Amino acid sequence: MIPALGVCYYPEHWPEDWWAHDAARMAEVGIRYVRIGEFAWSRLEPSPGDLRLDWIIRAMDALAAHGLKVVFGTPTATPPRWMVDKHPDMLAVDAQGRRRGFGSRRHYDFSHLGYREECRRIVQLLADAVGQHPALAAWQTDNEYGCHDTSYSYSPAALAGFRLWLERKYNTIDALNQAWGNVFWSMEYSRFDQIELPNLLVCEAAPAHELDFRRYSSDQVAAFNALQFDILKAARPDLPVIHNFMGRYTDFDHFKVAETLDVASWDAYPLGHLARSDESDDIKLQYLRQGEPDYQAFHHDLYRSVGHGRWWVMEQQPGPVNWADFNPDPLPGMARLWAWEAFAHGAEVVSYFRWRQAPFGQEQMHAGLLRPDSEPAPAYHEASQVAQELRQTGMAGVTARGKVALVYDYESEWAWQILPQAKGFSHGAQVRAVYAAFRKHGIDVDILPPSTSSFAGYSIVAIPALFTWSDALRQAVAEHEGHLLIGPRTGSKTPDFSFPAQLAPDLSPNILNAKVMRVDTVDPSIEVPVKGGGAVRHWRERLETGAEVIMEDEDDWPVLVSQGKLFYQAASGNRALIQRIVDYLIMEAGLPRIALPAGVRCRVRDGMRVYVNYGSKDTVLALADDETAYVLGSAEIPAAGVTVARLATAG
């Protein structure tokens, strides 16, 4: 697919006589896709059964008249007030037992079967009404599943659904008691209807109880999406169904939800997410107006995997947002850079949020391509520049496969939240640290799901902080002929959240002769120097091992051991240590590296390498050995700049 630009538009917000002019201006910018509809339920059905769809069909007509394609969002993220009056128990209940109210958005409970039927009804009506419209190019299901902490509900509907889910999973109450370890603290049950949700307890629930509740809640999100997917695909099998996920949001398994999607997308707000992240104050200050250099790229690669190779950015930040503690104006050029980086990682479409800044409502301080007075905002011109440059370079095709892969697992995120042992320790942080270390050398990285059964074609595969081994991953590890990096805490639990019989990392001795005998966790401000450079922080393991010790800390605890091409990292570390470990693996595997200036990153697509400069200063590139010429920009890449180099052979 030839890369294209899009924009999010809300015709219900503007006078109808503006629509045609807006559409003409979008086409002039170079926009090809327009998302509409996802928050419009109260205008589509102002009272039960009173359908008013003519206006949105006229909006689609206005867009189509200027050659624009429509992505139609189902409006189920914002049920109207009458829906809550009809189903007062559809509102979610938070972990403190408080019912959430009407007056914003995402005010529904995934477990509520009555609301699911209402969603089935409105989605079917919309599919019937607009499914054959010539402008329709794709569907979007709902909007940002789980946003505002809405994946988990502790309502009566969730309790009933959870009990049924448990009975189907375990079949007998004895099997559940055994799996959860309920003999501990005399927590054994005699019937499934005795089980409560894991909130409002005196202290923490059994880890397996909490994990099963998260699995159940994730399954409800997947079922909710599948309901809509089935209707939309039946109406138009030829059109892709998309959902817009979020960054650093892990409360449900995106891979499972995407089993009923054709395309994954995500909503990319690098400045807002940096402000709310756990990055250091130094990083937040350094990249205040650009975003952390590896944040966007990691999620691009993640959602390319979630989407089975097809993915979009459905909402791209165009200027200041409204929802962080502070909302800086991006460095001039960043709306262009973010789009180019997404295309380099394989995006089919980058869609800016939104067309015109709203002068009312909760998001009135969120910038758009137009100001509230309809004059161009800075990103308007940057989007137009991107559209022209895409035509200039002729980029098409797909993103090159990386030589390095990382396994990312949502259950591992949940597990270490449930039982952190070291406050702040997370699977995602370990994965992102390794990812960034490879990216600093210009090495393309792919993200793999935990269901992967083969690592064929990858020179290096890293599996950091994995909760438990699946049979597929064990097979992939046993058969892989390249280099493997197994990170700390990997394989330390069974699927039922117990210690494995042979202890972590729970691999057979012929693959790795090592056992974790004890764990030491301390405040991450305290570091234990590693001989030769870098430091252990946050988490370290005392190993009993017959493997070769490659690195050890000043207390003589092994930090990195190897057995053939398999390496086990027995501690989390500071940036210097992770970079040192990654550099060692790159050298061992003989991977070529690119000398990148600080703050510069790159990715290969369609025989071109796209460079982006997240730094606040201009810098100079050197033409890499496999590059022939620059087709966009030059060796001198300014702050927030983009340079595209042609490769000698297609990548």
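Where a number appears in this text, it was derived from the coordinates with a stated rule and is not lab data. For clarity, every value in this text was computed on a predicted model and none was experimentally measured. No Cβ is skipped: glycine too gets one built from the backbone with ideal geometry, and neighbour counts run over all protein chains shown.
Residues of the range 117-160 falling in the label zone of ALA234, defined by backbone nitrogen less than 12 Å from a point 7 Å along Cα to beta-carbon, are 120-121, 123-125, 127-128. In plain terms, the chain is cut at each of the trypsin sites (Lys or Arg not before Pro) found in a DSSP loop with at most 10 other Cβ atoms within 10 Å, and the longest leftover piece is 192-422.
Per-residue Karplus couplings for the range 135-145, computed as 6.51 cos²θ - 1.76 cosθ + 1.60 with θ equal to phi - 60°, are listed in order as 7, 5, 10, 6, 10, 10, 7, 6, 7, 6, 3 Hz, Gly and Pro entered as x.
Magnitude of the charge dipole for the chain, about its Cα centre and with charges confined to Cβ atoms of Lys, Arg (+1) and Asp, Glu (-1), is about 660 debye. Scanning the chain for GluC sites (Glu not before Pro) in DSSP loops with at most 12 neighbouring Cβ atoms within 10 Å leaves 205-480 as the longest stretch between them. Full extension of the chain segment joining LEU113 with ARG168 gains 18.0 nm, where the gain is 0.36 nm per residue of separation less the Cα-Cα distance.
The smallest convex shape that holds all Cα atoms of the range 156-209, its convex hull, gives 77 Å³ per residue. You can think of it this way: the chain between ARG121 and ALA160 has 11.7 nm of extra reach, that is 0.36 nm per residue less the Cα-Cα gap.
Stokes-Einstein diffusion for the range 600-647, with the hydrodynamic radius set to the Kirkwood value over Cα pairs and evaluated at 20 °C in a medium of 1.002 mPa s, equals 205 µm²/s.
Return, ordered by residue number, the residues of the range 204-233 whose backbone nitrogen is under 17 Å from a label point located 7 Å along Cα→Cβ of THR494. It comes to 206-212, nothing else.
Rounded to the nearest 20 debye, the dipole magnitude of the range 600-647 is 200 debye, with +1 charges on Lys and Arg beta carbons, -1 on Asp and Glu beta carbons, and the Cα centre as origin.
Between the amide H of VAL349 and those of ALA4, VAL313, distances stay under 5 Å, these residues lying 5 or more places away or on another chain, with hydrogens modeled in the peptide plane. Once you list every other residue whose beta carbon is under 14 Å from the beta carbon of ASP329, what net charge do they have if Lys and Arg are +1 and Asp and Glu are -1? Around ASP329, the charge tally is +1.
Considering helices alone, the calculated mean residue ellipticity of the chain at 222 nm is -9500 deg cm²/dmol, with DSSP H runs of length four and up weighted by -39500 (n - 2.57) and normalised per residue.
Treating r as the C-beta distance of GLU636 and SER186 and R0 as 60 Å, the FRET efficiency rounds to 0.25. Holding the Cα-Cα limit at 20 Å, pick out from LYS440/LYS531; LYS515/LYS565; LYS284/LYS403; LYS256/LYS423; LYS169/LYS256; LYS169/LYS515 the pairs that are longer than that. Over 20 Å apart, Cα to Cα: LYS440/LYS531; LYS284/LYS403; LYS256/LYS423; LYS169/LYS515. Summary of the geometry: the range 14-29 and the range 222-285, compared by the centres of their Cα atoms, lie 28 Å apart. Placing dummy labels 7 Å off each Cα toward the beta-carbon, the span from ASP50 to GLN502 is 6.8 nm.
In the range 526-550, which residues have a backbone nitrogen under 16 Å from the label point lying 7 Å from MET517's Cα in the Cα-to-Cβ direction? Within reach of a label on MET517: 540-549.
Once you order the gyration tensor axes a ≥ b ≥ c over the Cα atoms, which shape class does the chain get: rounded for a/c under 1.5, otherwise prolate or oblate by comparing a/b with b/c? Oblate, since a/c reaches 1.5 and b/c is not below a/b. What does the charge count near PRO450 come to, summing +1 for each Lys or Arg and -1 for each Asp or Glu among other residues with Cβ under 9 Å from its Cβ? Neighbour charge sum, excluding PRO450 itself: -2. The residue among HIS66, GLN357, TYR108 whose Cα reaches farthest toward the positive pole of the charge dipole of the chain, with charges on the beta-carbon of Lys, Arg, Asp and Glu, is HIS66.
For ALA429, neighbours were defined as the other residues whose beta-carbon sits under 11 Å from its Cβ, and their charges (Lys and Arg +1, Asp and Glu -1) total -1.
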